[in-house]
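Q: My structure is below; once you've seen it, I'll send some questions.
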Amino acid sequence: MTYIVYGFSDCPYCTKAKQFLEDIEEPYEAIFIEDAQDRRIWLDERGFEAPNRTLPRIFERDAWGKEKLVGGYRELLNEFSEN
């Protein structure tokens, strides 16, 4: 399984999510959406509504390429604290 971190370079929680995944040696891919308008479009296309219109949005990708939403940075931490 690989984690996909959608975010942007100036996002502190995006940076924290990547660092957390590196620290626990989980594979991940970071996809940055730098333009604010492009971020809004990306969130709209995926049906994210308030309060979930923030980044990062983190997904798990299984071996078959299917993605499942984890959530944001806090949900990522919670996923590993439950295991």
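Q: Please give the contour-minus-distance gain from L77 to I41: 0.36 nm per residue of separation, less the Cα-Cα distance, rounded to one decimal in nm. Before the final figure, lay out each step's value.
A: Numbers: separation 36, 0.36 × 36 = 12.96 nm, distance 2.66 nm.
Full extension from L77 to I41 adds 10.3 nm.
Q: With θ set to phi - 60° and the Karplus curve 6.51 cos²θ - 1.76 cosθ + 1.60, what are the ³J(HN,Hα) couplings of region 34-39 in order, to the nearest whole Hz, using x for Gly and Pro?
A: 6, 7, 4, 5, 4, 5
Q: Can you give the angle from 0 to 90° between the axis of helix 12-23 and the longest principal axis of the chain, with both taken from C-alpha atoms, to the nearest 10?
A: 20
Q: So, one more: Order of S9, S81 from fewest to most other C-beta atoms within 10 Å? Working shown, then result.
A: Numbers: S9 10, S81 7.
The most exposed by this proxy come first: S81, S9.
Q: Volume per residue, Å³, of the convex hull around the alpha-carbon atoms of the chain?
A: Measuring per residue, one finds 95 Å³ for the Cα hull of the chain.
Q: Give, rounded to the nearest 20 debye, the magnitude of the charge dipole that the chain has about its Cα centre when Lys and Arg contribute +1 at Cβ and Asp and Glu contribute -1 at Cβ.
A: So the magnitude is around 220 debye.
Q: What longest range of the chain stays clear of loop-exposed trypsin sites (Lys or Arg not before Pro) (DSSP non-H/G/I/E/B, at most 13 other C-beta within 10 angstrom)?
A: 1-45
Q: With an 8 Å Cα cut-off and a minimum separation of 6 or more residues, compute the relative contact order for region 2-81 in percent.
A: On the way: 110 pairs, mean separation 28.2, N = 80.
In percent, rounded to a whole number, it is 35.
Bear in mind these aren't lab numbers, they're just calculated from the coordinates by the rules spelled out. If you're wondering where the values come from, they're calculated on a predicted model, not measured in any experiment. Positions of Cβ are generated from backbone atoms using ideal geometry, with glycine treated the same way; all protein chains shown enter the neighbour counts.
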